[in-house]
1. Student exercise: in the chain, how many lysine pairs 8 or more apart or on different chains have Cα atoms under 18 Å apart?
2. From Cα pairs below 8 angstrom and at least 6 apart in sequence, can you work out the relative contact order of the chain, rounded to a whole percent?
3. What percentage of all Cα-Cα pairs in the chain are separated by more than 23 Å?
4. For the chain, with the dipole built from +1 on Lys and Arg beta-carbon atoms and -1 on Asp and Glu ones, taken about the Cα centre, which of 99, 44, 65 lies farthest toward the positive end?
5. Where nothing but the Cβ of Lys and Arg (+1) and of Asp and Glu (-1) is charged, how large is the charge dipole of the chain around its Cα centre, in debye to the nearest 20?
6. Whole Å is fine, so just give me how far the alpha carbon centre of the stretch 1-54 lies from that of the stretch 79-98.
7. When the Kirkwood hydrodynamic radius is evaluated over all pairs of different C-alpha atoms of the stretch 37-86, what value in angstrom, to one decimal, is obtained?
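Please treat every number below as a calculation from the coordinates, not as lab data. Just so it is clear, the structure is predicted and the values come from calculations on it, not from any experiment. A quick note on method: Cβ atoms are made from the backbone with ideal geometry, for glycine too, and the neighbour counts reach across all protein chains shown.
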Amino acid sequence: MTDAEKQNLIGLLDSLVKASLPKATKVAKYGGTLYTLKPDEREGQFCGVFPYKAHVQLSFAQGALLDDPDGLLEGGGKFRRHLTYKSLDDVDAKVVKRFCKAAIKL
């Protein structure tokens, strides 16, 4: 994945998160971008976009609690789950928006 492809993917995910939750605030942290409705509270962080060498992850802070009947979320930790993207073609806008809207309710 080239840097340009990665930046395009990050831009797309950012626009989808913001379209899902226009009041969300972006916070640069952990090498990526966290999204929150409560910038002064850690508990307000509901998801984040994080670039890696070969992919970009959309991570959900309480992802283990999200309804995922299609088994799209990855990860086996106690809380976090994520979606992994290697190209723009991998992104399903409806899926991203659905998970973002559900994540903010947790």
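1. For the chain, qualifying lysine pairs total 26.
2. Values: 169 pairs, mean separation 28.3, N = 106.
Relative contact order of the chain: 27 percent.
3. Above the 23 Å cut-off, the chain has 19 percent of its Cα pairs.
4. Farthest towards the positive end: 44.
5. Charge dipole of the chain: 340 debye, to the nearest 20.
6. After rounding, the separation between the Cα centres reads 12 Å.
7. Values: mean 1/r = 0.0859 Å⁻¹.
The Cα-based Kirkwood calculation yields 11.6 Å.
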